[in-house]
Amino acid sequence: PFNPATIISYSLPKYTKVTIKVYDLLGRLVKQLVSENQSPGNYTVTFEGQNFASGVYFYTIETPEFIQSRKMVLLK
């Protein structure tokens, strides 16, 4: 659970295109956090939830070779 923000951390083994999107429980896109080419290394991105309703959200990290989704809970 988080309020009002949470940090998403990820690592890249090589230079690649990265997209991180946040979806609501119904699968609607609510925010795109990252959409760019990035070099190898460790990264963090902050999702600010103060303008969103309390509830369950999912974020997806996507590269050409990898996709991962995780659940987040926004509590106000």
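The values are calculated or read from the model by the stated rules, or taken from the named source; none is laboratory data. Everything quoted here is computed from the prediction, not taken from an experiment. Reconstructed Cβ throughout: ideal geometry from the backbone, glycine too, with neighbour counts over all protein chains shown. Accessible surface is based on the protein model in full, side chains and every heavy atom, while ligands, DNA and RNA are left aside. Shrake-Rupley method; radii C 1.70, N 1.55, O 1.52, S 1.80 Å.
So the values come out like this:
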item: Relative contact order (%) - the chain, alpha-carbon pairs under 8 angstrom, separation at least six; result: 39
item: The chain, accessible surface, carbon-and-sulfur percent (1.4 angstrom probe); result: 51
item: For the chain, the Rg and Dmax computed from alpha carbons only, in angstrom; result: 12.6, 38
item: Distance between modelled label sites at residue 12 and residue 73, nm, 7 Å Cα→Cβ extension; result: 3.2
item: 1.4 Å probe accessible area per residue over the chain, in Å²; result: 64
item: Residues with amide H under 5 Å from that of residue 30, placed H, sequence gap 5 or more; result: 22, 23, 24
item: Local electrostatic count at residue 34 - Lys and Arg +1, Asp and Glu -1, tallied over other residues with Cβ under 13 Å; result: +1
item: Proximal aspartates and glutamates relative to residue 31, as straight alpha-carbon distance under 12 Å, when same-chain residues fewer than 8 apart are discounted; result: 48
item: Partners for residue 17 among aspartates and glutamates (Cα-Cα distance below 16 Å; same-chain residues under 8 apart left out); result: 36, 62, 65
